[in-house]
Each structure stands twice: as structure tokens, then as C-alpha cells.
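K.L.:
Have a look at the structure that comes next, please.
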Amino acid sequence: MIEYNEGEANEVPDRSEFGVKVIGVGGAGANVLDRMALEGSDDAELLTLNTDVRALSTSVSSDKIQLGTTLLKGMGTGGDPSLGKQAALEAVDDIREAVRGYKMIFVCVGLGGGTGSGAAPEVCRVAREEGIFLVVFATLPFSFEGQRRMDQAMDALNTIGRYANAVIAFDNDRMGELIVPKDGVTQAFAAADKIISQSIRATMNVAFRPGIIRIGIDDLLSALDATDSRCLFGYGVAKGDNRSHEAVEQALKCPLLDRGKLLNDANAVLVQVAGGETMTLYEVQMVMEEVTKHVGSETQILFGTGTDKRLSNSLSVTIISSIVGPNAEAQQVVEAVEPEEPPVSLGMLAAPIPPLAAAAPEYQEEVAEESVLPEFALPEEPVAEAYGETVVTEGIIEGAVEETYEAEVDSDAGSAVFEPIDEEQPAYAPQEIAGEEDSIFDEDDDGDVLNPIARAMGGDDELTMPIQPPVPAADEEGEVGHVEAVTETSQKITLTRMLSKGNTGRIKTRDAKTDPGPGPALPPTKPPGLADELDIEETSDEARRQQEMLQLEPVAGKGRFAKTDPTIVDGEDLDVPTFLRKKD
Amino acid sequence: MASSNIYVGLEIGTSKVCIVVGEVRNDGAIKILGVGQHPSAGVRKGEVVDSETVQTCLHDALMRAEERSDVEVNTVFLAVTGSHIQSINNRGTIRVADEQMEINSEDLEEVKKIARDVPLPKENGYIHSIIQHYFVDGQDKVLNPLGMLGQKLEADYHIVHGVKTRIQNAIKCVREVPLEVEDIVFSPVAAAQVVLNREAKNEGALLIDIGGGTTDYICFVDGAVVASGCVAVGGDHITNDIALVLKIPLARAEKLKVTHGSASMKNVIDAEIAVEGEAGKKVSQEMLNGIMNARVTELLSVVAEPLKQQGLLDKLGKGIFLTGGSSLMNGIGDLAEDIFGIPVQKAGSSSMSGPSALFENPQYATPVGLIRYAQLLDEQKPKKGALSKLGQKFEKIFGGGK
């Protein structure tokens, strides 16, 4: 492990000038911090933030802040990011106090759950407001944790990306590749934590290690090139005769580098080679040669080297870089939802589309989103206005305010997503879905109420007729505690970001439970005015007709291939006799 | 060389399961020791859909092959195909270390690793990665860059990949017989080993293997594989078309196709053909040919289109080789010539000894090709070992000097 050596006095930057704090948010974040503490972290202060007081008490870090003391009373968030956010807001002053005065802050967080996804963006916001250089290490959930958690994670990641100077996202699925599947669960997670703690440490070392050829934060920044980028990170340390080669191999094997292949596309690559006093120039040269093999000729190589007594006879290689453009995973997630959606990068700073797209699968059949749709083309002021009234349904602010940033593009994408739903869903959605689904969707029902009205007014077809929906909504449900809306009104942008991130459905859920009146009861009362029974019959009829088509036609046309996978080329089903197809 | 140079090729086709036991002689010629085959069931479009039925057929074919060749078969080379199999060309690039100068075998390994590293769909796995050629400092088409001087090494690879689970199903089916699968080979890659000779590969050739359930193709230019693929349409479709259009049972449609049918619309005699077993039912030759012609035209066009787009058709000096059971169809050669605009020849496998007359039949191109493939694979192994040893030796000498 590389450690920064305090004894090395000559060019050591004063710690007070480069105050570094590492903040772990949520359970996963705390684990990483514990791992760092275990490995002996003497060069940074550790701060753990968590909602769960039991988890917090077992943490070994020096500073701890409990989130949501009154809201959650020491319990976890139960996987609800909006609760995580509320909890963080409650402790916002403590957080601000804790980060103030530091030059650099590392936040490590496991996204997907409640505390991590909810609170981390808040922490980042606070840190950003304090003008601190912010690097976020985030882990994305395993794919087996389900789409919903992944959506929450992507949501949070987008928000974080806007505040942080650099986001380094670790995909847990890819971490898995490093670990033997048979390894114990503890080992597996420990390995993941270890990678992250190594990364944090390495980044710190890169920035603060005294060097023969020094690398500073400026180099780090240019390597990370913070706009719309995805971080590449590799770290390796090795001992022995062949240490330079092994260290490079190890660094390239890091899951984010994809065996060095991704470096080819990088604009700038930062490489730091560090070793004990035994490190030779030849070894440094070897390392650089190996690295350059993987780097395009255009790429700028930011090179640094330094000696560190603590490394004694081992040698470490750190590679940090970033590539522009879409991240494969993120793209997949988005594509799975909505193929027409433009590709989205993982560490993005400026791609607010995914929250919407990510929300789509859950709410696709929900008309609530549709009712949000009309606002897409909203100009700035009506929003602000609506915003002033804290009584407005949260779901609506969410869509509305967010969309004001990215102009028309999104209104296109949005309409592409939801257009088909316009046709028939509104009529039965409130009845069927509100009835049988759990109350997660209650909030959507509230939104739904608007819809018939908007429809009746013909507002449904026109994206440019936005203002009507929010107004009736204001009366529907105002009692939900939007504390943050009041306290933070001054910071319009940041606040709306928070709002757009939090999954507001859940909060309402609780309300609905305590007060069953407005939620499920309301929607059915409205649609009858629209003759919903008729509509329902219509849709089911249509469904029946489609089924028949599906079953009958291929059987008739394909003979022995009726039950095989269809062979479709250029939209033609090749299993149907060409003779028959061409004759038509 | 390995103690045993007897190889077994297994093709589980849509129409037949075929096992070929072959012995590779010292001079490189292949002697076919025995063949076992059995009409296939439980295979659709080149893929196993009913494992148990396939195993019964496989077992039967295996018994025959063992009996005739007097060889106990333990491991086989398995040909795989199916519409899920796709191919791409990818180029890997590395920069050779400045003071190293000569390209060594490690560089080759590394460039291969990089070239292979294409983003496949999650469910897909590699079947082959075939080297096309290297570039050294942009210099064209270097076949063996080992020991050359240069700073930039690039390698073009042709990568064949398919859905892992579907391939595994085929392997699992064979293992349960039980037979060990030594390697899997994409069918046209195997067939090309016997159908196309070195000359044809160098001058450019397209091999189209029209089987029962699938049509596989592979295209060689300058001795390297430039395209390969599979269309899940084959002879079965033609039979199916005839049955559906004429409303007759499949068995009679098959018979019509084989005895009377032609894919060509040229010189159609004006005659009525009586459908056997269906009293009084007659079909005109023109109708029958029309059905077959429409299907084959479409099929060949589907194969031709991507190749045309890549501009490969102009580079085929040796033209097109048709193989597979359906290539026995009358008139298919003429039709293919019309569609591709290139000379077409029907091909079986050549340069075999043993009961070879049988194997000139294009139906056996793939299983026999498997044996040739196995032979090549074996030849490459010790060769490669020796070279890398040599490379290491050099490295030692030079490395010590530093």
C-alpha cells in the first residue's frame, strides 16, 4: 500500500493547506471508510454519514454524523432515496460545518439504496457550494439487485455528476470479474471495498506525494477532463524482480480500464510511478513503455514519478484517465428502456435525460408522467411561479423544472416516450392500476386526476398548453411536508435538481397510508365523468383482437417452421414461402 | 506429433447427423476411416431443439461410424451453426516499445488480445478469432511480422461469435451421449478447409453451404477470411414452400423437389407432373420451379447483399463454390451465377483417399472439413511453441545485455 510519508519533509505540501477529507455515505460508503482505516489512513480525515445508527456506531472513522435524526429516528431508509435526501437535508448544517475549510473532499458511496442515492447528492451539493474540489467514488449496484435500484443509482449518479469535479463510477458487476465467484461473500465485498479504498488513496497520493516529477491537482483535472466523461482508473503495486511489469499489468487489469483497451481513446492519461529508493530509472522507463503501448499516439501523457520510503521494495503504478462519450453500461440501461433515447455517459455532468428515461419503465403505464408531459416546453417563469407555491404536487415540479434546462430536445424525447400511452391508457389506468398495485403509484394517481381535465380541455395534444395542469393539482394535495422546498427556495437550480432526483412516489406512499382518504379514493371518482366503463370495454376488445391475429397468422403461413424462432431479414419473415410473399 | 492422429468430426445438421472418422497421414493427406450418419430429428434451423431425440440419432450414427472405422470415438470436433452466429472484423493496435525494435511474439499475443477485445453482446461468446493480416507501421498485409522492425503493429482479426447458451446446448447434447467435445467450429470455417484450396483462398472465393436448415457462407480474399455468417434458411424451407403452396404433405413435397424441381426458370418444359400418392393431383413444372426459384433467389440475395455492400464480390477471383445438400438442386448454379454475376461451381471435398467417391458428395464437406481443421490446429501448436521458445531465447540474450 502506498502511503504518504510524513517524515519526508523536503517538498511536502502543508497539510493544512491541502486538507483532505474522505466522506463515506451510507452503508457501502462506511464500509470503504472502515477498510481505509484498517489499512492505516493517516493522511486524511474520515467522516461517516449514515441514517442507520447501529451501522454508524460500528464504524471506526473518527467523525460521524447521523442523518435524519428526527425523520428516521436512527433507522435506515429502507431503500428509499427520497428519505435519504430528506435525512441529509435535516443534517445539512452539520455537513456544511464538517466540510468547510477543506481543499479536497472524496466522497465514497454505494448507489442504489436509500441513504447512498439520497444523501450523497446532497453532500456533494453542499461541498460544491463551499467551493471544495470534489471527487466522488460511486459503486453501481449489481445487476441482480434489480432494475429499480439501478435506476435509482443512475439517477443519483447524474445528480452527483453535476456537482462533482470528477466522478469515478465502479460497476459492481465488473468488480465481480475480479473476484473468483466461489469466494465468500465477505471476501467478495471486501475486495470491492479494497479496490475503492485503493483508488481513493492512490488519487490522494497522486495529488500529494512529493515527486521527482510532480503531479498536481491541475494534472489530475486535465486527465479527468470533467465534462461529460467517464473515468478510467487503474492501480497496481508489485514487488520482486519483475515488479515494474507486474505493477503495470495489475493496473491495466483494473475493472475500469478494461485491460488497457479503453486508454486508446483517451485524450490525456495520467501515469504516476512510485517506488521505494530502490526504484531505478530503467524500471520507470519500462512502465512507461508498457503503458504507451496501450495509448494512442495523439494522447497526452501526464507523467509523474516519486519515491516513497514506505513502499520499500515495491513499486506502484497509478493510471488515471477519462474517455469522452457514451458508457456501454449506461447506454444499455437507457436503451433497454427507450431505444430512441440518445446515448448517455456514465460520469456525465450534463445529461439530465436518464432520470426521466429511467423512471419510464416504472411509470410507463402511468398517466402521471403523461400529465407532466405538457410542461416540457414550459418557459422559465411559470415554473418559478409554481415553485413559489409550495403546495404544488411534487411530481409536477419534478418534471416541469427539470425540463426547463434542456429545451426542446427533451420535449421530443419525452413525447416519443409517452406518445403511445396517450391513446388509451388514461381511461383505465386510475382504476386498475391504482386498485391493485401497491401505493407506490398513489402519487401518480394524483397526477392522473389532472389528466382527464387536461384531456377534456384538449390540453393533452398540445405540449404548449402547460399551465392548466398544475393549478388544479395545487388543491389536490398540499399537505405533504416539502420542508426543503421552503428552506431552499433561494437556490432554485440546486434545489430542483434534488427534487428531480428524489423518488417522490414513496413519500406520498407513506402519506397515503396514514391518511387513506386522498390517494386511492380520489381517482375513481373522477374518471366516471369520462365514461370510463366504455373505455375499458374498448381497450379489452382491442386486446382480444390483437391476440387472435398473433396466434393465427403465422401458423397458417409457415408450415413446419411455425413453432421455431422466426427468421427475419429486412423486415421480411423468411419462414413464409417466398412464392406467396412475392405474389402478393 | 501427437500419439493419435485420428480425428472425428461431428455435424449435427438439420437433415442429418454425420460423424466422420479420419486419419491424417504424415504427408498431410486425410484418409477417411469410416462414416456414420443418421437422418436427423430434433434439429431446427441448425440448432438442437430436442436434445433427447438428437441424442438417439447421434448414438445411432456413432455406432455406425465406430463399427466401420474400428475406432472407439471419445472426442469429437463439433460443427456449430445457427442464425445467432455473427462475425465482425476488428483491428487491434499496439505501439512497439522504442528500444525494442523487433516485433516479438509477446507483441503478437498482445495485439491479438486487443483485437479480440470487441464489445460483444453480453450473452455472446467467441467461437473463432482468425487472423487476417498484420500491418507494421502502416505497411500493408504483412503475414508474419515476427522479427520485423517497426513501431506500430496492427492486426486485423475476423471474429466469429454466437450466443453462448445456444452453443452450450449443442455441446451439452453431445456430452450426454457421452462424447467429449474437443473444439467447436463454425460450419463454413470447417467446410472451407476442404472445399477451398490455398489458391482459391488467395485469389478470393465465396463458399456457400446450403444445408437443410441453414445457409452458411464464408468469404476469402487474399488468403484471409473477410466475412462469414449464417442465414437460417435452407432446403427445408424450399420443401416447406412447395408443401404450403401446393397444399401437399411435406414428404411428397420433398420428393417433388428432389426428382423434378429446379431452381432455374430457364428452359422450363411445359409439362405437368403427377404428384405421387395424391390421385389426380398434378402440378406444372413452371409452378414448381417458380416456387423454388423465388425462394432460392431470395436466399442468395440475402447472402449477396452484405458482401456487395462491402465491395467483396469484385475481389472473388475464383468465384463462388456451392456446397451442402441443397447445392445438388438442379439449376441452382445458373441462378447463383445470375445473382452474383460471378462464375459458380459446385464443390465437394477433394484430395482424400479411402472410400473417397462418397466424399466428393458436397453433403460431407463440413464433417470432413472438421478433420482438416483439427489437423491444422494440431500442426499449428508445436510450430507456435517452437517459435515462442526461440523468441524467449532471443529475449534472454538481449535482456541479459541490458
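K.L.:
Is it true that some residue in segment B:324-347 is at pLDDT below 80 and within 30 Å of B:GLY28 (Cβ to Cβ)? Before the answer, list the steps.
P.N.:
Initial filter on segment B:324-347 (at pLDDT below 80): B:346-347.
This time we only want the ones that are within 30 Å of B:GLY28 (Cβ to Cβ), so: B:346-347.
Yes, segment B:324-347 contains a residue that is at pLDDT below 80 and within 30 Å of B:GLY28 (Cβ to Cβ).
K.L.:
Looking at segment A:562-574 only, could you name the residues that are within 20 Å of B:LEU246 (Cα to Cα) and either at the interface with chain B (Cβ under 7 Å from one of its Cβ atoms) or touching a residue at least 40 places away in the same chain (Cβ under 8 Å) (or both)? Write out each step before concluding.
P.N.:
Looking only at segment A:562-574, we keep the residues that are within 20 Å of B:LEU246 (Cα to Cα), and these are A:562, A:573-574.
Across segment A:562-574, the qualifying residue is only A:LEU574.
Condition check ((1) at pLDDT 75 or above; (2) among the β-branched types (Val, Ile, Thr); (3) within 14 Å of A:VAL317 (Cβ to Cβ)) across all residues:
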| site | (1), (2), (3) |
| --- | --- |
| A:THR227 | no, yes, no |
| A:VAL237 | yes, yes, yes |
| A:GLU249 | yes, no, yes |
| A:ARG259 | no, no, no |
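K.L.:
Please determine whether any residue of segment B:105-122 is in contact with an Asp or Glu (Cβ under 6 Å, 6 or more places away or on another chain) and touching a residue at least 40 places away in the same chain (Cβ under 8 Å). First the steps, then the outcome.
P.N.:
Taking segment B:105-122 as the starting set, the residues that turn out to be in contact with an Asp or Glu (Cβ under 6 Å, 6 or more places away or on another chain) are none.
Looking through segment B:105-122, none of the residues is in contact with an Asp or Glu (Cβ under 6 Å, 6 or more places away or on another chain) and touching a residue at least 40 places away in the same chain (Cβ under 8 Å).
K.L.:
In segment B:102-114, which residues are facing another protein chain (nearest Cβ under 10 Å), buried (at least 18 other Cβ atoms within 10 Å of the Cβ) and not β-branched (Val, Ile, Thr)? Break it down into steps so the answer makes sense when it comes.
P.N.:
Applying the first criterion (facing another protein chain (nearest Cβ under 10 Å)) to segment B:102-114 yields B:107, B:110-111, B:113-114.
Right, trim to buried (at least 18 other Cβ atoms within 10 Å of the Cβ) and you get B:107, B:110-111, B:114.
Passing the criteria: B:ASP107, B:GLU110.
K.L.:
Another one. Can you name every residue in segment B:174-192 that is buried (at least 23 other Cβ atoms within 10 Å of the Cβ), touching a helix residue (DSSP H, G or I) at 6+ places or on another chain (Cβ under 7 Å) and not aliphatic (A, V, I, L, M)?
P.N.:
Answer for segment B:174-192, where residues must be buried (at least 23 other Cβ atoms within 10 Å of the Cβ), touching a helix residue (DSSP H, G or I) at 6+ places or on another chain (Cβ under 7 Å) and not aliphatic (A, V, I, L, M): just B:SER187.
K.L.:
In addition: Looking only at segment B:61-116, count every residue that is assigned by TED's automatic domain parsing to the domain that holds B:GLU23 and farther than 23 Å from B:ALA224 by Cα and tell me the total.
P.N.:
Of the residues in that region, 16 qualify.
K.L.:
Can you work out which of the residues in segment A:149-178 that are among the basic types (Lys, Arg) and farther than 11 Å from A:CYS124 by Cα is modelled with the lowest pLDDT? Walk me through how you get there before you give the answer.
P.N.:
First pass over segment A:149-178, keeping only residues among the basic types (Lys, Arg): A:149, A:162, A:174.
Subsequent filtering for residues that are farther than 11 Å from A:CYS124 by Cα retains A:149, A:174.
Details: A:ARG149: 86, A:ARG174: 66.
Result: A:ARG174.
K.L.:
Taking segment B:124-137, which residues are of a type outside the set (A, V, I, L, M) and more than 12 Å from chain A (Cβ to nearest Cβ)?
P.N.:
Taking segment B:124-137 first, the residues of a type outside the set (A, V, I, L, M) are B:124-126, B:128-129, B:132-135, B:137.
Those that are of a type outside the set (A, V, I, L, M) and more than 12 Å from chain A (Cβ to nearest Cβ): B:ASN124, B:GLY125, B:TYR126, B:HIS128, B:SER129, B:GLN132, B:HIS133, B:TYR134, B:PHE135.
K.L.:
Looking only at residues in segment B:131-164 that are at pLDDT 85 or above and over 29 Å from the mean Cα position of the chain (by Cα), which one is surrounded by the fewest Cβ atoms within 10 Å (Cβ to Cβ)?
P.N.:
Among residues in segment B:131-164 that are at pLDDT 85 or above and over 29 Å from the mean Cα position of the chain (by Cα), the one surrounded by the fewest Cβ atoms within 10 Å (Cβ to Cβ) is B:VAL136.
K.L.:
Also, I was wondering about something else. May I ask you to say which residue of B:THR93, B:THR81 is among the polar types (S, T, N, Q) and within 30 Å of A:ASP565 (Cβ to Cβ)?
P.N.:
Details: B:THR93 fails: within 30 Å of A:ASP565 (Cβ to Cβ).
B:THR81 is the lone residue from the list that is among the polar types (S, T, N, Q) and within 30 Å of A:ASP565 (Cβ to Cβ).
K.L.:
With respect to B:VAL302, determine if the residue is buried (at least 22 other Cβ atoms within 10 Å of the Cβ), within 14 Å of chain A (Cβ to nearest Cβ), touching a residue at least 60 places away in the same chain (Cβ under 8 Å) and not basic (Lys, Arg).
P.N.:
Numbers: buried (at least 22 other Cβ atoms within 10 Å of the Cβ): no; within 14 Å of chain A (Cβ to nearest Cβ): yes; touching a residue at least 60 places away in the same chain (Cβ under 8 Å): yes; not basic (Lys, Arg): yes.
The answer is no for B:VAL302.
K.L.:
Within segment B:271-279, identify whether any single residue is touching a Ser or Thr at 6+ places or on another chain (Cβ under 9 Å) and assigned to a strand (DSSP E or B), and answer yes or no.
P.N.:
Within segment B:271-279, one or more residues are touching a Ser or Thr at 6+ places or on another chain (Cβ under 9 Å) and assigned to a strand (DSSP E or B).
K.L.:
Quick one: B:ASP209 ticks every box in (1) within 14 Å of chain A (Cβ to nearest Cβ); (2) within 21 Å of the chain's Cα centre (by Cα) bar one, so which box is it?
P.N.:
Failed condition: (1).
Residues are listed down the side, and each one gets a yes or a no for (1) more than 15 Å from B:ASN293 (Cα to Cα); (2) within 11 Å of chain A (Cβ to nearest Cβ):
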{"site": "B:PRO188", "(1), (2)": "yes, no"}
{"site": "B:GLN193", "(1), (2)": "yes, no"}
{"site": "B:LEU196", "(1), (2)": "yes, no"}
{"site": "B:THR215", "(1), (2)": "yes, yes"}
{"site": "B:GLY223", "(1), (2)": "yes, no"}
{"site": "B:ALA232", "(1), (2)": "yes, yes"}
{"site": "B:ILE242", "(1), (2)": "no, yes"}
{"site": "B:ARG252", "(1), (2)": "yes, no"}
{"site": "B:HIS260", "(1), (2)": "no, no"}
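K.L.:
Same structure again: Please identify the pairs in which a residue from segment A:270-294 that is in a helix (DSSP H, G or I) has its Cβ atom under 6 Å from the Cβ atom of a residue that is modelled with pLDDT of 80 or more and charged (D, E, K, R), counting only partners at least 6 apart or on another chain.
P.N.:
A:THR292/B:ARG95; A:LYS293/B:ARG95
K.L.:
Same structure again: Here are B:VAL48, B:VAL24, B:VAL54, B:VAL71: which of them is within 19 Å of B:GLY213 (Cα to Cα) and away from every other protein chain (no Cβ under 14 Å)? Give the derivation first.
P.N.:
Details: B:VAL48 fails: away from every other protein chain (no Cβ under 14 Å); B:VAL24 fails: within 19 Å of B:GLY213 (Cα to Cα); B:VAL71 fails: within 19 Å of B:GLY213 (Cα to Cα).
One residue alone meets the criteria, B:VAL54.
K.L.:
Same structure, new question: Given the options A:LEU33, A:LEU83, A:LEU67, name the one that is under 18 Å from A:PRO121 (Cβ atoms), crowded, with 17+ Cβ neighbours inside 10 Å and more than 20 Å from the chain's Cα centre (by Cα).
P.N.:
Values: A:LEU33 fails: under 18 Å from A:PRO121 (Cβ atoms); A:LEU83 fails: more than 20 Å from the chain's Cα centre (by Cα).
Only one candidate passes the filter, namely A:LEU67.
K.L.:
Listed residues B:VAL231, B:VAL226, B:VAL245, B:VAL258; which is at pLDDT 90 or above, of a type in the set (A, V, I, L, M) and out of contact with any Ser or Thr (no Cβ under 8 Å at 6 or more places or on another chain)?
P.N.:
Answer to the check: B:VAL226.
The values are calculated or read from the model by the stated rules, or taken from the named source; none is laboratory data. Just so you know, these numbers come straight off a predicted model, no measurement behind them. Backbone-built Cβ (ideal geometry, glycine too); neighbour counts: all protein chains shown.
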